[in-house]
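Got a structure for you, questions after.
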Amino acid sequence: MKPDTLAAQALGWIDETTRAITPPIHVSSTFLRDPDNQYRSGRVYARADNPAYDQAEALLARLEQGQQAMLFASGMAAATAVFQALAPGDHVLAPRIMYWSLRNWLMNFATHWGLQVELIDMHDPAAVHAALRPGQTKLVWIETPANPLWTVTDIAAVASAAHAAGARVAVDSTVGTPVHTQPLALGADLVMHAATKYLGGHSDLVAGALVTRENDAMWQRIRTVRAQLGGTLGSFESFLLLRGMRTLYVRVRHASASAMKIATHFAAHPLVEKVLYPGLPDFPGHEVAARQMHGGFGGMMSICARGGEAAAIATAAEVQLWKRATSLGGTESLIEHRASVEGAGTPAPTNLLRLSVGLEDADDLIADLEAALAAAHR
Ligand SMILES: Cc1ncc(COP(=O)(O)O)c(C=O)c1O
């Protein structure tokens, strides 16, 4: 069956007791012990075992072609659980261009905890080869396409180099989504999603997820991190997440098609210095993206306004339809001056506006941005 079919029916699950097609929201924090002192249900306490996760985890694992999935309280909780499952002293590689909050956590917290974190140009295979320390590097973290420049990393190439050095590979595939990219099939060991974004899809929940290729010792350590540190998702959010995932394919395909149209339009615009979007043929990394992304290049792009920072901020101030807000992957299109969000050390040029393309009509979005650029330059 096609993934669209699996998602639309959430794997076709029905409740055998009530014949319900939509799963109930399980809220119990604790589960009954058997009289002989066993827990045959496999569930003890909801910090570790919440049946509210079952359908969403099963569906996501299937869409990512992995063995198991785990939901978390946020994308950050999911990502940091992977690093917390490593041991102090382990060497990890992460990209210079990546979601800024995770980069900050790696440099300011994970290093204090004893991880040796090295930021490299992950999209450059020579840089990856040079940085890998066989036997010492335990994890290579990829984000592709990566915030906020949409840098593309060749997952298969990095995975084969990392595996040869004895390192695991985890991919933040929040922007690629299972609709366009299958990191596990390309050789990655773990996939991470800020499920807050496209998986949820409606800007109404904060959630994270991991999917593993193998139920191995590392995965069990991650499970222990979730159970003991308590970065667990609420039951209602799990329900919302599954509801969002049912329409994932329709939403992401629409957003990607609109993003391609918008990127193409503004690539030749006199008030735009450049458009950063992996779908554009002259974008560095387009060739790799065309190889590893299927059916589109995602709904995220950035435009660099002519006229510098002031023109970019003025453009964001003038939009009527686009919403000035952070985050991404919702039904509504968002615009933000990324350097203002990320602050000192950001790789975002000061004239960069990050765009999350939603589900509105693409021509309406183009017209609104056109008018805002014109007004900003008046
Ligand atoms: C690519 C990417 N990874 C991870 C995260 C973190 O997710 P959350 O905000 O759910 O913690 C985000 C959030 O913006 C993101 O865009």
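Residues in segment 291-317 near a label at residue 107, defined as backbone nitrogen under 19 Å from the 7 Å Cα→Cβ point?
none
Okay, moving on. Taking the alpha-carbon centroid of each part, what is the distance from segment 46-125 to segment 1-23 in angstrom?
The two parts, judged by their Cα centres, are 28 Å apart.
Using Cβ contacts closer than 10 Å as the measure, can you line up 2, 197 from fewest to most?
2, 197
Let me ask something else about it. Quick one: pull the percentage of alpha-carbon pairs in segment 10-104 with a separation above 23 Å.
Looking at segment 10-104, the distances longer than 23 Å represent 47 percent of pairs.
Determine the percent antiparallel among the DSSP beta bridges restricted to segment 33-168, to the nearest 5. Write out the running numbers ahead of the final one.
Numbers: 1 of 10 bridges.
The antiparallel proportion sits near 10 percent.
For the chain, what does -39500 (n - 2.57) per DSSP helix run (n ≥ 4), summed and divided by total residues, give at 222 nm, in deg cm²/dmol to the nearest 500?
-10500 deg cm²/dmol
Could you give the C-alpha radius of gyration of segment 309-367 expressed as a fraction of 2.2 N^0.38 Å, taking N as the number of residues it contains?
Details: Rg = 11.6 Å, N = 59, 2.2 N^0.38 = 10.4 Å.
It is 1.12.
Each residue of segment 250-262 in turn: what ³J(HN,Hα) in whole Hz from Karplus with 6.51, -1.76, 1.60 and θ = phi - 60°, glycine and Pro shown as x?
Going residue by residue, I get 5, 5, 5, 5, 5, 4, 5, 5, 5, 4, 4, 5, 5 Hz, with x marking Gly and Pro.
Same structure again: Using a 10 angstrom cutoff on alpha carbons, build the Gaussian network for the chain and name the most mobile of 224, 80, 18.
Maximum fluctuation in the GNM of the chain, among the listed residues, is at 18.
Oh, and also: Count the net charge of all other residues whose Cβ sits under 13 Å from the Cβ of residue 171, scoring Lys and Arg as +1 and Asp and Glu as -1.
Around residue 171, the surrounding residues sum to -3.
Sequence-distant or interchain residues sharing an amide H contact under 5 Å with residue 139, placed H: which?
Long-range HN contacts for residue 139: 93, 168.
Moving to a separate point now. Among DSSP beta bridges whose residues both lie in the chain, state the antiparallel percentage, nearest 5.
Bridges in the chain are about 55 percent antiparallel.
In nanometres, what is the gap between the two model label sites at residue 20 and residue 49, each 7 Å from Cα along Cα-to-Cβ?
2.1 nm
Right, next: Counting other beta carbons within 10 Å of each Cβ, put 303, 222 in order, fewest first.
On the way: 303 27, 222 21.
Going from least to most buried by this count: 222, 303.
Apply the Karplus parameterisation 6.51 cos²θ - 1.76 cosθ + 1.60, with θ equal to phi minus 60°, to every residue of segment 62-70 and state each ³J(HN,Hα) to the nearest whole Hz, in sequence, with x for glycine and proline.
Couplings: 5, 5, 8, 6, x, 7, 8, 10, 9 Hz.
Once the cut-off is 40 Å, how many percent of the Cα-Cα pairs in the chain end up in the long-distance tail?
15 percent
Enumerate lysine pairs in the chain that are 8 or more residues apart or on different chains, then count those whose Cα atoms are under 22 Å apart. Write down the numbers at each step before the final one.
Working: 197/261; 197/323; 261/274; 261/323; 274/323.
The number of close lysine pairs in the chain is 5.
Among 100, 219, what is the fewest-to-most ranking by other Cβ atoms within 10 Å?
Ranking 100, 219 by Cβ neighbours within 10 Å, fewest first, gives 100, 219.
Here's a follow-up. Just to be sure I understand: with springs between alpha-carbon atoms less than 10 Å apart, which residue in 255, 194, 87 has the highest mean-square fluctuation in the Gaussian network model of the chain?
Comparing 255, 194, 87 in the GNM, the peak value goes to 87.
Here is a further query. Using amide H atoms built in the peptide plane, which far-off residues or other-chain residues are under 5 Å from residue 116 H to H?
Residues meeting the amide H criterion: 89, 90, 91, 92.
Next question, about the same structure. Scan around residue 323 for amide H atoms under 5 Å from its own, H built in the peptide plane at 1.01 Å from N, and keep only partners 5 or more places away or cross-chain.
Answer set, sorted by chain and number: 333, 334, 335.
In addition: Which order do the peptides 363-375, 256-268 take when ranked by the mean count of other beta-carbon atoms within 10 Å per residue, highest first? Walk me through the numbers on the way to the answer.
Working: 363-375: 17.3, 256-268: 19.2.
Averaged packing, sorted descending, gives the order 256-268, 363-375.
Given a Förster distance of 41 Å, report the FRET efficiency between residue 363 and residue 31 from their Cβ-Cβ distance, rounded to the nearest 0.05. Don't skip to the end; give the middle numbers.
On the way: r = 53 Å, r/R0 = 1.29.
Computed FRET efficiency for residue 363 and residue 31: 0.20.
Throughout, read-outs are computed from the coordinates displayed, never taken from laboratory work. Every value quoted in this text rests on a predicted model; they were computed, and no experiment measured them. Cβ: placed from backbone, ideal geometry, glycine included. Neighbour counts: every protein chain shown.
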